[in-house]
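Here's the structure, in structure tokens; my notes come after.
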Amino acid sequence: MTVILEAAGLSVNFGGVQALDSVSFSLSQGELLGLIGPNGAGKTTALRAVTGMVVPGDGSVHVGGRDVSRAPIHERVRLGLGMSQQLVRPFRSMTVADNVTLAAGFAKTRAPLAALFQRHRADEKRRALELLDLVGIADAADTMPAKLPLGYLKRLEVARALALSPHMLLLDEPLAGLNHVEAGRMADTIQALNREGFSIVLIEHNLGEVLRICSRLVVLDNGRNLSAGEPKKVMAEPAVRAAYLGEGVGNA
């Protein structure tokens, strides 16, 4: 398959703490990749290095074959990267639909002067409503975020990422804080997005859902690559079970 995202040898140091030590992974077209590992493994830092939120000391990032290692965030977004954050922070003074509409208008910022004369948001609003329907929260379009449960807010975060018209989605713990039923539904939505053609990197601690929907895993531990491959085979490796699940967990 065609590799559309490649991170190679990423190293990040925070005040003397080695958060990433030569971490590498890739995402192929149409793939749903699980990026897993215990707390502090470096998963979120790896995604932030890919998007440009964190500048690695060493390593490279290629998006669609283009080296974006020193490119600013907005250039990477325009090349097709979309990321949902672990902590959901919508604009509380806007409705759900307006939050997504704002993100959908990102293309107009390419020409700020021309954007001054763009007063109509009908196309962006229409797109926002389509995306809210796609992630299953169209019924909350006119609701303020403060009135919504966490499950809706998680879906809103994904909708805002989709509004940037990405070719690939980087999802940071979209199931965190959800109960069993909500987590299953959210995982179904992610799988449906993958079937719609979105290539996805998924960080998630809900191992049951990861194994159910992901086609391949990359495991990090202590800021380093530990394993990669087919989910069941990877999770059967003693080193992975020791690092990710802990010793003495049996078949849990």
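The values are calculated or read from the model by the stated rules, or taken from the named source; none is laboratory data. Fair warning: this is a prediction, and the values are worked out from it, not measured in the lab. Cβ: placed from backbone, ideal geometry, glycine included. Neighbour counts: every protein chain shown.
Numbers below:
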{"read-out": "Answer from 166, 145 - the residue that is surrounded by 14 or more Cβ atoms within 10 Å (Cβ to Cβ), at pLDDT 95 or above and within 30 Å of residue 105 (Cα to Cα)", "value": "145"}
{"read-out": "Residue 229, sole failed condition from (1) over 20 Å from residue 28 (Cα atoms); (2) without any contact (Cβ under 8 Å) to a residue 24 or more places away in the chain", "value": "(1)"}
{"read-out": "Enumeration of residues in the range 99-108 that are surrounded by fewer than 20 Cβ atoms within 10 Å (Cβ to Cβ) and not small (Gly, Ala, Ser)", "value": "102, 106, 108"}
{"read-out": "Residue check, residue 103 under 19 Å from the mean Cα position of the chain (by Cα), outside the structural domain of residue 204 (by TED's automatic domain parsing) and of a type in the set (A, V, I, L, M, F, W, C)", "value": "yes"}
{"read-out": "Only one of 138, 159, 128 that is surrounded by fewer than 19 Cβ atoms within 10 Å (Cβ to Cβ) and out of contact with any Gly (no Cβ under 9 Å at 6 or more places or on another chain)", "value": "138"}
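Residues are listed down the side, and each one gets a yes or a no for (1) closer than 26 Å to residue 243 by Cα; (2) free of Cβ contacts under 8 Å to residues at least 40 places away in the same chain:
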residue: 38; (1), (2): yes, no
residue: 47; (1), (2): yes, no
residue: 60; (1), (2): no, no
residue: 63; (1), (2): no, no
residue: 71; (1), (2): no, yes
residue: 74; (1), (2): no, yes
residue: 77; (1), (2): no, no
residue: 83; (1), (2): no, no
residue: 91; (1), (2): no, no
